[in-house]
Amino acid sequence: MKVLQINVVANSGSTGKISEKIGSLAIDKGWVSYIAYGRWYNPSRSTLIKIGNKFDILCHGFKSILCDKHGYGSHKATKKLISTIIKIQPDIIHLHNIHGYYLNFELLFKFLSTYGKPIIWTLHDCWSYTGHCVHYTAINCQKWKVQCDHCPHLLSYPIAITDNSNNNYQKKKTCFTNLKNLYIITVSEWLKKEVEQSFLKNYPILKINNGVDTKLFKPTSSNIREKLGITDKFIILSVATNWIKGKGLKDFINLAQRLNDTYRIILVGINKIQKVSLPPNIIGISKTENVHELIQLYSAADLYISFSIEETFGLTIIESMACGTPALVYDSTACRELINEKVGKVIKVKDLNSAIDFISKVKSLGKDFFSEACRNHILQHYTEEKTISNYISLYNQLLK
């Protein structure tokens, strides 16, 4: 059996690592695994297929920015990919993120509508059913339920200076609802309920949560406190790829101003401009893909906080709990699904008083009061093995 996955990256970032693990288990089961990707990659057990080149991505990016036509470029690259698919003849095609300036969705879905084998599409964000954005919770936009137009979120990824959201919405709706053999996977219950209100609602929609490698993410000894000179501080940690508006940077700054000198907040993923504006009790660390450094930070922290108001899952939250660290999250989008009263706290958005109350509780009881429950919670519900096994089981079911 052959499986082909398509994603913007290969064995890099959260979506790339998920596709890598799926491919690895498929290989272990005797399958042949291919991963087609558009941009960054790391070495893979699967056979990698590069889609396009840097020039294609650059041209596609300009078209997206100038005309709000994300997913309309990369014609030659997509045609070449289709030729490769015809040659390989995979038994299952598994889509992940098809946005990212590397793929023409009209050409791809026109081909897929004629391909008589199962197509799986894992949605890691909301781009597939909106006229522009990948998230809309921060601006409370509901236009995607009926018809996107006059987009209020053009300056969010994928950034555009003109508005083509009405046409984008219609084209996506036409292309993405023209398959008879498509199965939608969402990574959370929240995203599943959103998709069920979109134009994709008539497809089978299944939930498969993301998972964490619990053999890697586990309580680990660390000298991070010594390196940062905060051995006697209560450490609050948060991690983001990019600290965009919806991630809650301002909330952390406001929180820091209300905490005394016995606390330190560590924010990972901070850029140079943001770092200058941080108060003295916030330590800004640039983005890192060093997994071992992250594990040390998760393990050293007393509490993990996510002030994000738009998450389709919340991978860093379960990574921190796998390392024995309790978590506090906002009651928004998918984050609340990951928490119960034994492992952390869910509070209302912007309710810093409740945040401070829980911080005080953790400081009083001690992190160890929560650690075993956190670890067991992840082992029971959010292991990588469970996630990947669910995908392989789905492959087998569809082929039967």
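The values are calculated or read from the model by the stated rules, or taken from the named source; none is laboratory data. This one's a predicted model, so the numbers in the text were calculated from it and none came from an experiment. Here the Cβ is made from the backbone with ideal geometry for all residues, glycine too, and neighbour counts use every protein chain on show.
Take the residues in the stretch 28-60 that are among the basic types (Lys, Arg) and under 24 Å from Trp127 (Cβ atoms); name whichever of them is surrounded by the most Cβ atoms within 10 Å (Cβ to Cβ). For the stretch 28-60, the residue satisfying everything is Arg39. One residue stands out in the stretch 139-179 among those that are among the aliphatic types (A, V, I, L, M) and within 23 Å of Gly61 (Cβ to Cβ): the one that is surrounded by the most Cβ atoms within 10 Å (Cβ to Cβ), namely Ala160.
For Phe217, indicate whether it is over 15 Å from Lys275 (Cα atoms), aromatic (Phe, Trp, Tyr), under 18 Å from the mean Cα position of the chain (by Cα) and surrounded by 15 or more Cβ atoms within 10 Å (Cβ to Cβ). Considered against the rule, which asks whether it is over 15 Å from Lys275 (Cα atoms), aromatic (Phe, Trp, Tyr), under 18 Å from the mean Cα position of the chain (by Cα) and surrounded by 15 or more Cβ atoms within 10 Å (Cβ to Cβ), Phe217 comes out as yes. Looking at Lys76, Lys63, Lys80, Lys87, just one residue is part of a helix (DSSP H, G or I), in contact with a Lys or Arg (Cβ under 8 Å, 6 or more places away or on another chain) and either more than 22 Å from Leu123 (Cβ to Cβ) or in the same structural domain as Ser113 (by TED's automatic domain parsing) (or both), and that residue is Lys63. Just one of the listed residues (Gly131, Gly211) is within 30 Å of Glu372 (Cβ to Cβ) and buried (at least 17 other Cβ atoms within 10 Å of the Cβ), namely Gly211. Of the residues making up the stretch 190-206, just one is in a strand (DSSP E or B) and surrounded by 17 or more Cβ atoms within 10 Å (Cβ to Cβ), namely Ile205. Of the set (1) free of Cβ contacts under 8 Å to residues at least 40 places away in the same chain; (2) small (Gly, Ala, Ser); (3) buried (at least 20 other Cβ atoms within 10 Å of the Cβ), all apply to Ser354 but (3). Within the stretch 61-95, the residues that satisfy the criterion of being touching an Asp or Glu at 6+ places or on another chain (Cβ under 8 Å) and crowded, with 16+ Cβ neighbours inside 10 Å are Asp68, Gly71, Tyr72, Gly73, Ser74, Ala77.
Leu398 satisfies every condition listed in (1) under 20 Å from Met321 (Cα atoms); (2) of a type in the set (A, V, I, L, M); (3) surrounded by 15 or more Cβ atoms within 10 Å (Cβ to Cβ) except (1). Looking at (1) assigned by TED's automatic domain parsing to the domain that holds Leu107; (2) modelled with pLDDT of 95 or more, which one does Lys180 not meet, given that it meets all the others? Status for Lys180: all satisfied but (2). Residues that are free of Cβ contacts under 8 Å to residues at least 40 places away in the same chain and of a type in the set (Asp, Glu) within the stretch 336-351 comprise Glu341, Asp351, listed in sequence order.
Checking each residue in the stretch 363-382 for being crowded, with 20+ Cβ neighbours inside 10 Å and not in a loop (DSSP other than H, G, I, E, B) picks out Phe370, Cys374, Arg375, His377, Ile378. So which residues in the stretch 158-189 are closer than 13 Å to Gly71 by Cβ and assigned to a loop (DSSP other than H, G, I, E, B)? Passing the criteria: Pro158, Ala160, Asn164.
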